[in-house]
Amino acid sequence: MDLRPNYQLHFSVRRFTVVLRTIKMKLHPFLGKGRGALADQVISIDKDRYLIDGFDLGVAERTGTFVLDEGQLTLIETGPSISVPYIKRGLKSLGYSLEQVRYIIVTHIHLDHSGGLGLLLNDCPNATVYAHDKGIRHLIDPTRLIKGAKVVYGSSFDSLFSPVLPVDENRVRPAQHLGTLTIGDQSTLTFYHTPGHANHHIGIHDERKKTFFAGDTLGVIYPSLERVGIKLVLPSTSPNQFDPELMLKSKELVKSLSPKRIAFGHFGVSHDPSMVYEQLTYWLPIFLQLGESFLEKNDFEGLKEALFTKVQKELLKFADDIPEEAYRSIEVDLFVSTMGILDYLSRQKRRK
Ligand SMILES: [Zn+2]
């Protein structure tokens, strides 16, 4: 995969640090306390299925680790290394030991999904990892991954992602398209290649629970908006492998499996898959059209503001009072998505 730094992104890094500072102003009460009320960091999705909040970027409801309690205890995603203590405490509060963790599956190798894998594996002696074939070598040697992320996150990199530890190659297996993994007597997971957000992205179909773990392929949902009755799904168009055609193809693939629930990398579970497909199909062309109008001048700030204004306008149709935390999350997501849209469109232009 191509993790080359993109010169267009450099000028944005300072601004990202400012965005992060703003988002951190409203830290989750657990942060910095180490111990205490941990109950609400574990969300029960269903009997035998849980979500542990990983506090990516130091913020609640950004990323999480799904726990599948079957004969073979299975985790999906680890988040970055700063999430590992939350995962450990979450598992403990659910009554599991780290020795019981048998499988860890990562949907893709972006650091907000698997940056903490090496660190967590050190404490899970019986765990085997599944990831897409193309991602495995970067898990084993994360040098290029770190370099690529430093371009996007600049001076914030260390506080957000360090350490990114290499994964022992003997502990990783390729998650082949249509490959299966039996995790319990009546529970088998099926892997699907779902490119669009990243080439090496996989989705996981949990047939027993009719749940599809989509990582970032189908976009991002916002629990703080759902609490005020607004359902929003925005595409996640991060650099530098975003491909809208593949994203829509992957959406069709997921749709053909008719899941009842879609589990997102960011953040939580939607019980309304058709709404998810519709919103992805609605927003993706808007992202690209707006991108086209700012491509000529490579106007990052202009595009980011235009996307934000468009989303805000849409939200205000449904409620006058949009939670601040939702705006902060959307701002961070649009920051990264803006980079990816300009990167994709300039790749397309060079090809012509
Ligand atoms: Zn992500």
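Helix 143-153 and the longest principal axis of the Cα set of the chain meet at an angle near 50°.
Taking amide H atoms as placed 1.01 Å from N in the peptide plane, the amide H of residue 130 lies under 5 Å from those of 104, 105, 106, 173, each 5 or more residues away in sequence or on another chain.
Partner lysines whose Cα lies under 27 Å from the Cα of residue 317, excluding those fewer than 8 positions away in the same chain, are identified as 26, 231, 251, 304. Distances between placed amide hydrogens fall under 5 Å for residue 43 paired with 51, 52, 53, all partners being 5 or more residues away or on another chain.
Once the Cα atoms are used to define both axes, helix 13-24 deviates from the longest principal axis of the chain by about 60 degrees.
Tell me, in nm to one decimal, what length is gained between residue 286 and residue 168 on full extension, where the rule is 0.36 nm per residue of separation less the Cα-Cα distance?
On the way: separation 118, 0.36 × 118 = 42.48 nm, distance 4.21 nm.
That works out to 38.3 nm of additional length.
Remark: the residue 159-residue 94 segment gains 20.6 nm on full extension, using 0.36 nm per residue and subtracting the alpha carbon distance.
Shown for region 7-351 is the translational diffusion coefficient from the Stokes-Einstein equation, using the Kirkwood radius over Cα pairs, a temperature of 10 °C and a viscosity of 1.306 mPa s: 79 µm²/s.
Which number comes out as Rg/Rh for region 194-352 once both Rg and the Kirkwood Rh are worked out on C-alpha atoms? It would help to have the intermediate numbers written out before the result.
Values: Rg = 15.4 Å, Rh = 15.9 Å.
Taking Rg over the Kirkwood Rh, I get 0.97.
Considering only DSSP beta bridges where both residues belong to region 7-351, give the percentage that are antiparallel (nearest 5). Before the final figure, lay out the partial values.
Values: 29 of 43 bridges.
Approximately 65 percent, going by the DSSP bridge assignments.
Site pair residue 126 and residue 272 shows an inter-label distance of 4.1 nm when each label is modelled 7 Å from Cα along Cα→Cβ. Extending 7 Å from the Cα toward the beta-carbon at both residue 249 and residue 331 defines two label points whose distance is 3.7 nm. Peptides 249-256, 58-65, 138-145, ordered by how many other C-beta atoms sit within 10 Å of their residues on average, highest first, read 58-65, 138-145, 249-256. Close amide-amide hydrogen proximity is noted between residue 234 and 220, each under 5 Å apart and 5 or more residues distant or on a separate chain (H modeled in the peptide plane; Pro and chain starts excluded). Each residue of region 248-259 was assigned a 3J(HN,Hα) from its phi angle through the Karplus curve 6.51 cos²θ - 1.76 cosθ + 1.60 (θ = phi - 60°); the sequence is 5, 5, 5, 4, 4, 4, 4, 4, 5, 8, 6, x Hz, with glycine and proline shown as x. Cross-link partners of residue 297 among lysines, defined as those whose alpha carbon lies under 26 angstrom from its own and excluding same-chain residues fewer than eight positions apart: 150, 310, 313, 349, 352.
Each value in this text was obtained by applying a stated rule to the coordinates, not by laboratory testing. Small disclaimer: the values here were computed from a predicted structure and weren't measured. Because the Cβ atoms are built from the backbone with ideal geometry, glycine has one as well, and the counts that use them run over all protein chains shown.
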